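Take a look at the structure set out below.
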Amino acid sequence: MDDRLIIRGIEFLSRLWVGTGKYKDFEETRTAIEASGADVVTVAVRRVNITDRKKENLLDYIDPKKYKILPNTAGCYTVEDALRYSRLARESGISDLIKLEVIGDEKTLFPDTLGLLKATEILAKEGFVVLPYTNDDPVMARRLEDAGAAAIMPLGAPIGSGLGIRNPYNIKIILETVKLPVIVDAGVGTASDAAIAMELGCDAVLLNTAIAGAKDPIAMASAMKHAVIAGRLSYRAGRIPKKLYATASSPIEGIL
């Protein structure tokens, strides 16, 4: 069954994408990534040493021949900062892909959607493959699509909260509103959350804290891998309709 995820001509092998923050060390990061089966690894440009290659670097633990490196602008609170770090990532040879974050509130880490929209339009015109992290707002999703985004990345819940998909109905409306891939980003806490995102019809799930913050990150990475696969297969298979009353599993018609 041909079920490839392709974004702007780039083929992705896994529908689980993972982050690299909050692990105890780079070795645990690498082991967890391997256990996840992900082929997309996102790294915060602000936290990666890309100027002094003599020092230990997270990128030394991630084989670019095996993984697609997705730089992100985590920690950027202004359009100018987000643009600066996006351009720095490309000039350093990391990637034209960018997970774009423009944060609007320090406590909730909710996106500044107006700034995000502006930065998306500018970077798209500069040839970036822009994947904006946004609220679960169908109207903003459509505007980001019009601004040149390559995919829409709505939050399931606040970053690092582990609350799961708080508003599945908005996610469904986004899926119906835009023609771009939809990737749930932020809020996933456990394997069932990832499966739910995929069963809704999302194209992928990006997560970090749910794995890195687990008691056993390696085991959780494996759980997330299987949850995303199962959720996608379930979505493609097509669930039975929900009914108020029972329906016998064994048909009784024709039985004397």
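The values are calculated or read from the model by the stated rules, or taken from the named source; none is laboratory data. Not measured: the values here are computed from a predicted model. Neighbour counts run over all protein chains shown; Cβ positions are idealised from the backbone, glycine included. Quick note on the areas: whole protein, heavy atoms, side chains included, nothing else; ligands and nucleic acids left out. Shrake-Rupley method; radii C 1.70, N 1.55, O 1.52, S 1.80 Å.
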I'd like the full set of residues that are touching a residue at least 40 places away in the same chain (Cβ under 8 Å), in contact with a helix residue (DSSP H, G or I) (Cβ under 7 Å, 6 or more places away or on another chain) and part of a loop (DSSP other than H, G, I, E, B), limited to segment 33-48.
GLY37
Within segment 137-256, helices (runs of 4 or more DSSP H) holding 3 or more residues that are farther than 20 Å from GLY37 by Cβ:
138-147, 168-177
Identity of the residue in segment 236-252, open to solvent by 100 Å² or more (accessible area, probe 1.4 Å) and either within 37 Å of the chain's Cα centre (by Cα) or among the β-branched types (Val, Ile, Thr) (or both), that ends up modelled with the lowest pLDDT:
ILE252
Hits in segment 109-140 (condition: open to solvent by less than 10 Å² (accessible area, probe 1.4 Å), touching a residue at least 40 places away in the same chain (Cβ under 8 Å) and farther than 22 Å from SER161 by Cα):
ALA119, LEU123, PHE128
Can you tell me which of ILE173, ILE211 is closer than 14 Å to ARG142 by Cα and of a type outside the set (Gly, Ala, Ser)?
ILE173
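Look at segment 73-100 and say how many of its residues are open to solvent by less than 10 Å² (accessible area, probe 1.4 Å) and of a type outside the set (Ser, Thr, Tyr). Give the derivation first.
We begin by selecting, within segment 73-100, every residue open to solvent by less than 10 Å² (accessible area, probe 1.4 Å); these are 73, 76, 82, 86, 89, 98, 100.
Remaining after also requiring of a type outside the set (Ser, Thr, Tyr): 76, 82, 89, 98, 100.
Qualifying residue count, segment 73-100: 5.
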